[in-house]
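The values are calculated or read from the model by the stated rules, or taken from the named source; none is laboratory data. Source: prediction; values computed, not measured. Every residue, glycine among them, receives a Cβ derived from its backbone with ideal geometry; neighbour counts consider all protein chains shown.
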Ligand SMILES: Nc1ncnc2c1ncn2[C@@H]1O[C@H](COP(=O)(O)OP(=O)(O)O)[C@@H](O)[C@H]1O
Ligand SMILES: [Mg+2]
């Protein structure tokens, strides 16, 4: 398999809002890709189409060489995802929540415990999810996304609103996952340092289009005067990447 994700000519509109205007991208197995862009750039819409949660108006999306239309069951097994806002059932514990999702994949208690350890929530196993901190909730969401050992993980702003310590905790988990080389990642983020730390490649979106797609080094090289991604974005658009 050359690419785990292939997106070609994908467009999506909501009435007269052209959220995604014709996007092409391809992601290799094991590759970690950061998706950046201002609010409204179309990141979530693009990610949700790759996840099979939204249907493109035009274009083709393939995951592991297959389209969603005729391969849903199979593709759900390959994908791990956490949405921009994760909601849990407050009256379930960390263990019960993980077990519930594990049951969807026919996974037993061994895997549940393994994942709880992986995301370092052992001490919170019996805690109700409404008593978790923001960072702990995000780690739980990531654990659930990883239950089925997905080939591709899609995380939509997993660290937005977290304090620096909690963000670092997520980074460590993702870095470990990267070192194992079994999983590809698409990560949307507002934090440039996060994309720089975790990602092999950075894609910058604006107003439904991809403006740039390259390694950080190459991106900054192309625009000699840009010292970081924000300066690069200003050079390309005259606007800041994030306010
Ligand atoms: N379900 C929807 N209905 C109407 N407009 C939408 C919907 N989802 C997204 N949009 C619009 O599409 C554009 C892209 O949104 P989104 O993909 O959420 O961007 P991002 O994640 O980069 O902030 C925005 O203008 C947003 O308001
Ligand atoms: Mg979004």
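General remarks:
- Residue match in region 93-110 (condition: in contact with a strand residue (DSSP E or B) (Cβ under 7 Å, 6 or more places away or on another chain), more than 16 Å from ligand 1 (Cβ to nearest atom) and at pLDDT 95 or above): yes
- Applying the condition of being over 14 Å from residue 195 (Cβ atoms), touching a strand residue (DSSP E or B) at 6+ places or on another chain (Cβ under 6 Å) and outside any strand (DSSP E or B) to region 208-236 and asking which residue is modelled with the highest pLDDT yields 208.
- Conditions (1) closer than 25 Å to residue 172 by Cβ; (2) surrounded by fewer than 20 Cβ atoms within 10 Å (Cβ to Cβ); (3) within 16 Å of ligand 1 (Cβ to nearest atom): number failed by residue 118: (3)
- Filtered residues of region 17-41 (kept if within 16 Å of ligand 2 (Cβ to nearest atom) and assigned to a loop (DSSP other than H, G, I, E, B)): 37, 38, 39, 40, 41
- Long-range neighbours under 7 Å by Cβ, at least six apart or interchain, first residue outside any loop (DSSP other than H, G, I, E, B) within region 145-163, second at pLDDT below 95 and within 16 Å of ligand 1 (Cβ to nearest atom): 145/81; 145/82; 154/81; 155/82; 156/82; 156/83; 156/84
- In summary, residue 241 fulfils each of the numbered conditions (1) assigned to a loop (DSSP other than H, G, I, E, B); (2) over 30 Å from residue 114 (Cα atoms); (3) out of contact with any strand residue (DSSP E or B) (no Cβ under 8 Å at 6 or more places or on another chain) with the single exception of condition (3).
- You will find that of 62, 15, 43, 11, the residue that is over 17 Å from residue 187 (Cα atoms), within 13 Å of ligand 1 (Cβ to nearest atom) and surrounded by 16 or more Cβ atoms within 10 Å (Cβ to Cβ) is 11 and no other.
- For region 42-60, the candidate set comprises residues that are outside any loop (DSSP other than H, G, I, E, B) and within 18 Å of the chain's Cα centre (by Cα); within that set, the residue that is nearest to ligand 2 (Cβ to nearest atom) is 44.
- Against the conditions (1) under 21 Å from residue 25 (Cα atoms); (2) more than 16 Å from ligand 1 (Cβ to nearest atom); (3) modelled with pLDDT under 95, residue 83 satisfies every one except (2).
- Within region 190-217, restricting attention to residues that are surrounded by fewer than 16 Cβ atoms within 10 Å (Cβ to Cβ) and closer than 17 Å to residue 25 by Cα, the residue that is farthest from ligand 1 (Cβ to nearest atom) is 215.
- Residue in region 182-189 that is farther than 21 Å from residue 50 by Cα and surrounded by 15 or more Cβ atoms within 10 Å (Cβ to Cβ) present: no
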